[in-house]
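The values are calculated or read from the model by the stated rules, or taken from the named source; none is laboratory data. Owing to the predicted nature of the structure, the values given are computational and were not obtained by experimental measurement. Glycine also receives a Cβ, built like all others from the backbone with ideal geometry; neighbour counts cover every protein chain displayed.
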């Protein structure tokens, strides 16, 4: 039986890393772990586990073409908060442009780069794009500054409207509220949220999307819970 190849962007991150781990343990799969810096310890650890580690950057379509070549599945993920929080980016916005607006525009462009290249890969069976809902659209204009949602949604809508053949092979993965977010921004109101542990749950959820028919839009979570329930250890 010939093995299939999954190319995973953000392979040293919590979500991409989870996808890498799950598919490395899955018979019939080879894993290409894509990272900007293959010399990092995390990248080396993936190679020791059996992944093929390659260098590519979402800002470089040429590098993505090499990284995606021959892939049967591509997992595309971006990082708004990484762009927003990187001190090297603080002077990149245009005059008068807020950093969060720049980060959103840049993230959308990075994901569009991945979409453009994925559409050219003749071996591709499935494209999984990590996205979030369009907050401006679905709130009917009530919430217009949820930049890390709208930036991903814009790229997903670009894929749908630009590449009909690719879209037929595409499923969308929307991750729930990260457990780790509670450490930084505890939500004390009794509001249930879709909770996910990205480093544990992303891989199995993406694998389920790969094994299912395309055209799915999955909101991935392990449980609905309030902060009080989390603290009480009732999960």
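What the table shows:
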{"item": "For residue 215: the one exception among (1) surrounded by fewer than 18 Cβ atoms within 10 Å (Cβ to Cβ); (2) within 23 Å of the chain's Cα centre (by Cα); (3) on the phi < 0 side of the Ramachandran plot", "result": "(3)"}
{"item": "Residues within segment 110-120 that are touching a strand residue (DSSP E or B) at 6+ places or on another chain (Cβ under 7 Å) and either touching a residue at least 60 places away in the same chain (Cβ under 8 Å) or not in a helix (DSSP H, G or I) (or both), tallied", "result": "1"}
{"item": "Where residue 202 falls short, out of the listed (1) in contact with a strand residue (DSSP E or B) (Cβ under 8 Å, 6 or more places away or on another chain); (2) surrounded by fewer than 17 Cβ atoms within 10 Å (Cβ to Cβ)", "result": "(2)"}
{"item": "Segment 189-199 - residue that is assigned to a loop (DSSP other than H, G, I, E, B) and either at pLDDT 85 or above or in contact with a helix residue (DSSP H, G or I) (Cβ under 6 Å, 6 or more places away or on another chain) (or both) and, of those, surrounded by the fewest Cβ atoms within 10 Å (Cβ to Cβ)", "result": "192"}
{"item": "Residue, surrounded by the fewest Cβ atoms within 10 Å (Cβ to Cβ), within segment 119-134, restricted to residues that are touching a helix residue (DSSP H, G or I) at 6+ places or on another chain (Cβ under 6 Å) and over 17 Å from residue 153 (Cα atoms)", "result": "119"}
{"item": "Any hit, segment 178-189, residues being under 17 Å from the mean Cα position of the chain (by Cα) and closer than 21 Å to residue 7 by Cβ", "result": "no"}
{"item": "Any chance residue 178 is more than 30 Å from residue 69 (Cβ to Cβ), touching a strand residue (DSSP E or B) at 6+ places or on another chain (Cβ under 7 Å) and surrounded by 14 or more Cβ atoms within 10 Å (Cβ to Cβ)", "result": "yes"}
{"item": "The listed residue being closer than 18 Å to residue 108 by Cα and touching a strand residue (DSSP E or B) at 6+ places or on another chain (Cβ under 8 Å), out of 76, 51, 11", "result": "76"}
{"item": "Any hit, segment 219-231, residues being outside any helix (DSSP H, G or I), closer than 16 Å to residue 75 by Cα and touching a helix residue (DSSP H, G or I) at 6+ places or on another chain (Cβ under 9 Å)", "result": "yes"}
{"item": "Which listed residue is at pLDDT 95 or above, part of a helix (DSSP H, G or I) and closer than 12 Å to residue 219 by Cα, from 205, 166", "result": "205"}
